[in-house]
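All remarks here apply to the structure that follows.
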Amino acid sequence: MLVEPHGAPSRPRPGREWSDEIDDAVRGLASGFLIGIPVVFTVDSWWLGDQIGPRDALVLLGFSYLLTLATVYWIGFRRGLRRGPQYFGDALEAMALAVLALVAVFWTLGQLGEGLAPSIAVGRFAVALAPVSLGVAIANHFLARDASRYDPDEGDAASLRGKWLNERWRQTVFELAASFGGALFLCLTIVPVDDLSAIATEVPVRNLSLVIALSLLVTYSVVFAAGFAGEAKRHAATGPLQSPFAETISAYMAALLVSLATLWLFGSVDEQTAPFAIYTKTVLLAFPASIAAAAGRLAV
């Protein structure tokens, strides 16, 4: 029997099954990063992962799978209709993508290998897996594929705003403002609890360049490679800062500026802080902030 999840997208496009598979995977990873990565930047999740035993880790992994299974059943990880047993495979695939995202993050932060006990690594994965896999599972509905999030009537506020945004430089300003807003929202959830200071001491210096590279890669994927709403329009845009490279860099620069300003505002850095410590904290915070900045651009 075919079962269609509530609000499921249309069927896969004939002849483009592999392209859709890749789009689903990239979009799932991008959504998983966006929703789940802030959990990685909390000391409590690291501490809890260090403390739990193998049995508790297995319980958390089982809970993550059940949560993901329920999500793909009711929301739908894939486009179109699915057969009942296929949901189990979809849930496993969503969790596999979540594990891949966490491997990339923890490896980039220098938290895999190099003497780290396997039990600690498994514990940290188990704690962070649920929110990341949930983000992967809802990717198709978190932000729509290849379509506008708005369906305005002629003359309403959204329609008038769209006409106003037709001027290239104004759209650029609007998208930059959305990037700053997304980055600020994320920073305000991390900086006040000052977990970043403890995390910064755990990240090797040589890994900071990898953090920057991963930030840029995920930012580009969210805006241009994941098939989220308006991607074709963004590829075709010709205004200032409208190329994929320029938009990726501008979103990351917005994240850096907002990260530094937020750290300063909450006293995490000041004029007495060593320049390298400021650099380390800013680069680390800019990783999740850049993902939020990219997501902000999708809203316009």
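Only the coordinates and a few stated rules stand behind these numbers; no lab work does. Everything numeric in this text was worked out from a predicted model, so none of it was measured. Virtual Cβ from ideal backbone geometry, glycine too; neighbours counted across all protein chains shown.
Residues Arg297, Arg83 in ascending order of nearby Cβ atoms (within 10 Å, fewest first): Arg83, Arg297. Once both labels are positioned 7 Å from their Cα atoms along Cα-to-Cβ, the gap between Phe276 and Ala70 label points is 4.8 nm. Each residue in Ser209, Ser45 was given a count of other beta-carbon atoms within 10 angstrom of its own, and listing them fewest first yields Ser209, Ser45. In plain terms, the residue of Glu271, Glu21 with the fewest other Cβ atoms within 10 Å comes first and the most crowded comes last, giving Glu271, Glu21.
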